[in-house]
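Working notes for the structure below.
The values are calculated or read from the model by the stated rules, or taken from the named source; none is laboratory data. Just so we're clear, the structure is a prediction, and the values are computed from it rather than from any experiment. Every residue, glycine as well, gets a Cβ built from its backbone with ideal geometry; the counts of neighbours run over all protein chains shown.
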Amino acid sequence: MFFHDKRLQYTVRCEKPNPLFARALQQAIGGVEGEIRVCLQYLFQGWGFRGPAKYKDMLLNTATEEIGHIEMLAYAVALNLENAPTSMQEEAASASSVVGAVLGGSGATASIETLLAGMNQRHLLSTGMAATPENCNGVPFNASHVYASGNAAADMYCNVAAESTGRVLACRLYHLTDDPGMKDFLSFLIARDTMHQQQWLACIEEMGGSAGLPIPNSFNQSNEATDFSYVFIGTNHDGTPPPAGRWTQGPTLDGKGTFSATVGVPHGQEPILGPARPDSGAQVEQMSATPPA
């Protein structure tokens, strides 16, 4: 069950509406680094979680918070679309503040055509100056990059990556605007990304950290081809040894082996398929083949 409070989680204000920045903000809503992604990721991880209830509760609490972040971003998009032109006939003077904000300075001039061309056209054509569940290029959100594997450790690492790329995006948006209200709002999102990174890492640590590797740790490693479990394989075609690093020497992170490095060589056979079947639509010349040696 979810509850709604009409008040936002944090104050969102915009002093200088900018329809181009509204388009950029769409990436934080429906982009691969955005809030729809993490919201759905944490929801489905929580809904499908099997194990101690506190981890499920943590996932669902954070997922619900992310719904509020989508709400704030949608409001921020709408605020940045205030007074944006809706037709080619509008006088440039009537939108001078918007044009100036777009170009980063008072007295800047641009045609309405230029401004409209840079906007997300769906803000005008589909929503009447409101946000959409899309990225900054107008591509609808795609849930194929929502990760909920059923393995708690694997999911937590995915969550760290999601919050890290989300924080990178929020920092870039922060530097992309000079609007004090937008900077303040983004500073809040950046701070929450900081916490969420920390909580997923803390969860990994509580679950055993590197001692819980490899994932899944329930698989009997004697069933692996263990000669290849901890070897870094260099693939330079000239045989140059791979660069030395923490991943090429010393104890492995799980404490179960020692890193090493080698130049990759083929261990398998040449892949040769049988001849094409007569009813496969292939050429006659494909229907006979020399069998593998």
Item to complete: Mind checking which helices (runs of 4 or more DSSP H) fall wholly inside the stretch 46-122 and carry at least 3 residues that are at pLDDT below 55 and out of contact with any strand residue (DSSP E or B) (no Cβ under 8 Å at 6 or more places or on another chain)?
Response: 96-103
Worksheet item: Given the conditions (1) surrounded by fewer than 20 Cβ atoms within 10 Å (Cβ to Cβ); (2) in the same structural domain as GLU134 (by TED's automatic domain parsing); (3) within 20 Å of MET182 (Cα to Cα), which single one is not true for GLY48?
Response: (3)
Worksheet, complete the sentence: The one condition CYS158 fails out of (1) touching a Ser or Thr at 6+ places or on another chain (Cβ under 8 Å); (2) within 27 Å of THR11 (Cβ to Cβ); (3) modelled with pLDDT of 95 or more is (2)
Worksheet item: Identify, please: which residue in the stretch 240-283 is closer than 25 Å to GLN221 by Cα and among the small types (Gly, Ala, Ser) and is, among those, surrounded by the most Cβ atoms within 10 Å (Cβ to Cβ)?
Response: ALA261
Response to the item:
When the stretch 14-35 is checked residue by residue, the ones that are surrounded by 23 or more Cβ atoms within 10 Å (Cβ to Cβ) and among the polar types (S, T, N, Q) are ASN18, GLN26
Worksheet, complete the sentence: Here the residues within the stretch 128-148 that are out of contact with any strand residue (DSSP E or B) (no Cβ under 6 Å at 6 or more places or on another chain) and surrounded by 15 or more Cβ atoms within 10 Å (Cβ to Cβ) are MET129, ALA131, THR132, ASN135, CYS136, GLY138, PHE141, VAL146, TYR147, ALA148
Discussion item. Take the conditions touching a Gly at 6+ places or on another chain (Cβ under 8 Å), within 30 Å of ALA63 (Cβ to Cβ) and either among the hydroxyl-bearing types (Ser, Thr, Tyr) or outside any strand (DSSP E or B) (or both) and apply them to ALA202. Does it pass?
Written reply: no
Worksheet item: Of the residues ALA202, ALA170, ALA152, ALA211, which is crowded, with 16+ Cβ neighbours inside 10 Å and over 21 Å from GLN9 (Cβ atoms)?
Response: ALA152
